[in-house]
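Below is one structure, written out as structure tokens; the observations come after it.
Laboratory data are not the source of any read-out in this text; all were calculated from the coordinates shown. Being a predicted model, the structure only gives us computed values, none of them experimental.
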Amino acid sequence: MENIFLNNIYNTINKIAKYPKLSLKLNSGVEELKNIGIQSSGKFLQYIATTFDDSLARYISLWYCGRVKNKKKYTKSLLDNFSLEKKKKWLMEISEVLILIESKKAVVPLINIMMGDDLEDRREAAAYALTYLYDKRASEPFLNIIKNNSNRSSIRVQAIEGVGNLMYSPAIPLLKKLLKDKNIDIKFACIKVLGFTRKKSVIPYLDQVVKIDNDAYKGSSLKEEALNSIFYIKNGYFK
């Protein structure tokens, strides 16, 4: 039976792979998977998700978890895969699916992973998922991640985005201090989040960035980003 499913799924995926942007065609791909009866076999779905490495089959099966009826039943399977996965690409894909299915059951396990897992990429992927699950239980853990200078800068940046999405005001004093951090990614993230608070009390701190910080950043500069954030605080929209 599995060989039949494998042949069918590869035939389906070969069709989908002809499109320039596979991600834009996932819905149609999932419909084709439904047509071949793949939705009737949760065990096979998990088999595909855990067996294939760097393959379209695995990519489709993960996204399929997020699009079927009763999709939240796949939370445990996704978290099991997440806990075993070591490649950043697939950790991020599983995070995307957990976000897609709005899995509140995943929040506490993801917090535990973010705070104490041995693999840095897994911690960062967990932080990414929590950022877009918009659950307030992640607020204080995010703040603790930001405070700890021993954490990888990319994880701290993701946590900064997380407190921004949750509008967690206790983080604001720390974000203001981090405008002087040596890491440009951290400074940029703080500038963006402080702007989105729309609190006029942060403008003097952003003004300091405008006056003293001309570091280039991704085609812009920290000075320009600080000016944009100040404008947003004052006007409620960007230039």
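Couple of notes before you dig in:
- Length added when fully stretched, Asn112-Arg198, from 0.36 nm per residue minus Cα-Cα: 27.8 nm
- Here the Karplus relation 6.51 cos²θ - 1.76 cosθ + 1.60, evaluated at θ = phi - 60°, turns the backbone of segment 103-116 into coupling constants of 7, 5, 5, 7, 4, 5, x, 5, 4, 4, 5, 4, 7, x Hz, with x for every Gly and Pro.
- Exceeding the 29 Å Cα-Cα cut-off - candidates Lys147/Lys192; Lys87/Lys223; Lys86/Lys176; Lys86/Lys199; Lys89/Lys177; Lys105/Lys182: Lys87/Lys223; Lys86/Lys176; Lys86/Lys199; Lys89/Lys177; Lys105/Lys182
- Shape call, segment 74-166: gyration tensor on alpha carbons, a/c limit 1.5: oblate
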